[in-house]
Amino acid sequence: MKILFVCAGNICRSPMAEALLKEKLARRGMTDVSVSSCGLEAQPWSTAEPRLRLVIGSAYTSLRGFRSRPISEEIVRDADLVLAMEERQVREILSRFPETRGKVAMLTAYAGEDGDVIDFIDSQHGSFLEWLKNCYSVVDRCLDRIAEKVAGLGLQA
């Protein structure tokens, strides 16, 4: 199974989700699941936000060597499940890649929650670090449920 996380720039939210899910799946011994990320407006070869380390701790080690990737037809086609951070991103993915219908969802909705994991620029947070911490609390909770769903599919090595 291949899971793809999508946000805008592919430097904060989607790499956070990628790193955290990799760590959760590794703890479960699930080696047959590939996890990656990209961004709708990503600048190729940008690095993950360094302050993520302060928020996600040891999961950050999986982002060593990380470089952002702009979304492409090939990346989306290769994924079995595409999880976006915001509803508007889901709509844009479906508009750009209509063949993905049925495998694209919002991260929170897929985990049974409501709301977007909104970008810092659209948030009410004055502090970038506080915004990251808020994103982490939502993303981490959702990923616990997603890891359970994936484990329920019996994909252990």
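The stretch 105-153 and the stretch 71-103 have their alpha-carbon centroids 17 Å apart.
Loop-located trypsin sites (Lys or Arg not before Pro) in the stretch 1-99 (DSSP state not H, G, I, E or B) with no more than 16 neighbouring Cβ atoms inside 10 Å: 28, 51, 64, 67. Taking chymotrypsin sites (Phe, Trp or Tyr not before Pro) across the stretch 1-84, the ones in a DSSP loop with at most 10 further Cβ atoms lying within 10 angstrom of their Cβ are 45. Taking amide H positions as modeled 1.01 Å from N, with prolines and chain starts lacking one, the residues under 5 Å from residue 104 and 5 or more places away or on another chain are 82. In this structure, the pairs whose alpha-carbon distance is over 18 Å, taken from 2/133; 103/149; 2/103; 24/103, are 2/133; 24/103. Would you please classify the overall shape of the chain from the alpha carbon gyration tensor, given that a ≥ b ≥ c denote the square roots of the eigenvalues, rounded means a/c under 1.5, and beyond that prolate means a/b larger than b/c while oblate covers the rest? Rounded shape, in that the Cα axes give a/c under 1.5. First check a/c for the stretch 84-153, with a ≥ b ≥ c the square roots of the eigenvalues of its C-alpha gyration tensor; if it is under 1.5, answer rounded, and if not, answer prolate when a/b is larger than b/c or oblate otherwise. Because a/c hits 1.5 or more and a/b fails to exceed b/c, the stretch 84-153 counts as oblate. With contacts taken as Cα pairs under 8 Å at a separation of at least 6 residues, the stretch 88-157 carries a relative contact order of 27 percent. Annotation: amide H-H contacts under 5 Å for residue 32 (H modelled 1.01 Å from N, sequence separation of 5 or more, or interchain): 157. Dividing the mean sequence gap of close Cα pairs (under 8 Å, 6+ apart) by how many residues the stretch 2-150 holds gives a relative contact order of 26 percent. With helices as the sole contributors, the chain gives -12500 deg cm²/dmol at 222 nm; each DSSP H run of n ≥ 4 counts as -39500 (n - 2.57), and the sum is divided by every residue.
Read the figures in this text as sums done on the coordinates, not as results from a lab. Fair warning: this is a prediction, and the values are worked out from it, not measured in the lab. Cβ coordinates were reconstructed from backbone atoms using ideal geometry, including for glycine residues, and neighbour counts include every protein chain displayed.
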